[in-house]
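Accompanying notes for the structure given below.
The values are calculated or read from the model by the stated rules, or taken from the named source; none is laboratory data. All of these numbers come straight from a predicted model, not from anything done at the bench. As a convention, Cβ positions derive from the backbone with ideal geometry for all residues, glycine included, and neighbour counts pool all protein chains shown.
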Amino acid sequence: MEKNKIGHYLKYAIGEIVLVVIGILIALSINTWNQNRSNARLEQELLNNLLSDVNIDIYNLEKLDSITSLAALSKLRLMSFINGEEIARDSVFYYTSLINPSDNFIPTTITYDEMKNSDGFKVIRSSMLRREIAKLYNNYKGLEDIDDVYKDSREVLQLIRIEDFETASLSKIGSGNIRDPDKLIAQFTTNRRFINALETNSAVGRNLKYKETLEDAKRFKEILQEFIIR
């Protein structure tokens with residue numbers, strides 16, 4: 001009789017323990033499910049925000065690609081003129097006015113910074129996508145470094161002074177304030193300081209980097225769209 005009671009209580013105790021364990025497991029599963037749902041919503045929000053940011057970047061990069069392409073072309077045409085190719089005087093002045101654009105790329109990093117500062121990268125489930133995000137913004141940093149180098153060579157060229165140039169600065173050459181255009185043209189091929197500054201100007205390499213970064217941004221956009229739920 002006593003043994004039956006003990007067995008009954010043991011079964012009852014074990015049953016209670018099993019029920020408690022099952023309850024805990026169910027609660028953990030519900031909590032995990034809710035957390036996964038919350039992370040999935042946050043992931044989609046971040047991906048959509050990244051898409052908005054990269055669309056802005058692509059728009060700005062396309063404009064700057066056009067500007068830097070003209071600067072690169074202008075450098076090459078001026079070097080050809082210096083090396084003996086016949087180019088119309090007005091064209092030489094036109095190319096000179098385009099050689100030193102001051103526009104720089106400023107990436108849109110609002111979402112990227114938010115992800116870095118709030119562990120947002122952890123909710124991006126695809127390791128490949130995380131790598132692509134980091135790669136794009138590293139490429140942006142590389143472009144900013146190129147812009148810094150260009151800024152130095154740009155300033156060297158901008159400070160060149162040519163005699164008989166009323167405004168005294170090549171950056172104003174498109175304004176038409178030239179007393180003796182023929183005399184000025186002659187100095188393009190003889191002013192050693194100007195020629196050296198033009199040769200070291202990094203307009204061509206800068207434009208290549210802009211084209212590369214623009215293509216990187218477009219490729220990233222295509223990858224990103226594959227992970228966004230419509």
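Return yes or no: is ASN104 surrounded by fewer than 19 Cβ atoms within 10 Å (Cβ to Cβ), in a helix (DSSP H, G or I) and out of contact with any strand residue (DSSP E or B) (no Cβ under 6 Å at 6 or more places or on another chain)? Lay out the reasoning, then the answer.
Numbers: surrounded by fewer than 19 Cβ atoms within 10 Å (Cβ to Cβ): yes; in a helix (DSSP H, G or I): no; out of contact with any strand residue (DSSP E or B) (no Cβ under 6 Å at 6 or more places or on another chain): yes.
No; evaluated as a whole, the condition is false for this residue.
Against the conditions (1) in a helix (DSSP H, G or I); (2) at pLDDT 90 or above, where does LEU157 fall short? Just the number, please.
(2)
So ASP90 ticks every box in (1) surrounded by fewer than 18 Cβ atoms within 10 Å (Cβ to Cβ); (2) on the phi < 0 side of the Ramachandran plot; (3) out of contact with any Pro (no Cβ under 9 Å at 6 or more places or on another chain); (4) not hydrophobic (A, V, I, L, M, F, W, C) but one. Which box is left unticked?
Tallying (1) surrounded by fewer than 18 Cβ atoms within 10 Å (Cβ to Cβ); (2) on the phi < 0 side of the Ramachandran plot; (3) out of contact with any Pro (no Cβ under 9 Å at 6 or more places or on another chain); (4) not hydrophobic (A, V, I, L, M, F, W, C), ASP90 fails exactly one: (3).
Which one of ARG77, ARG41 is surrounded by 10 or more Cβ atoms within 10 Å (Cβ to Cβ), at pLDDT below 90 and not β-branched (Val, Ile, Thr)?
Values: ARG77 fails: at pLDDT below 90.
Result: ARG41 is the single residue among ARG77, ARG41 that is surrounded by 10 or more Cβ atoms within 10 Å (Cβ to Cβ), at pLDDT below 90 and not β-branched (Val, Ile, Thr).
Might you let me know whether the stretch 132-144 holds any residue that is assigned to a helix (DSSP H, G or I), of a type in the set (Asp, Glu) and more than 15 Å from ASP53 (Cα to Cα)? Walk me through how you get there before you give the answer.
Narrowing the stretch 132-144 to residues assigned to a helix (DSSP H, G or I): 132-144.
If we keep only those that are of a type in the set (Asp, Glu) as well, we get 132, 144.
Subsequent filtering for residues that are more than 15 Å from ASP53 (Cα to Cα) retains 144.
Taking every residue of the stretch 132-144 in turn, at least one turns out to be assigned to a helix (DSSP H, G or I), of a type in the set (Asp, Glu) and more than 15 Å from ASP53 (Cα to Cα).
Can you pull out the residues in the stretch 80-101 that are outside any helix (DSSP H, G or I) and in contact (Cβ under 8 Å) with a residue 60 or more places away in the chain?
Taking the stretch 80-101 as the starting set, the residues that turn out to be outside any helix (DSSP H, G or I) are 83-88, 99-101.
Those that are outside any helix (DSSP H, G or I) and in contact (Cβ under 8 Å) with a residue 60 or more places away in the chain: ILE99, ASN100.
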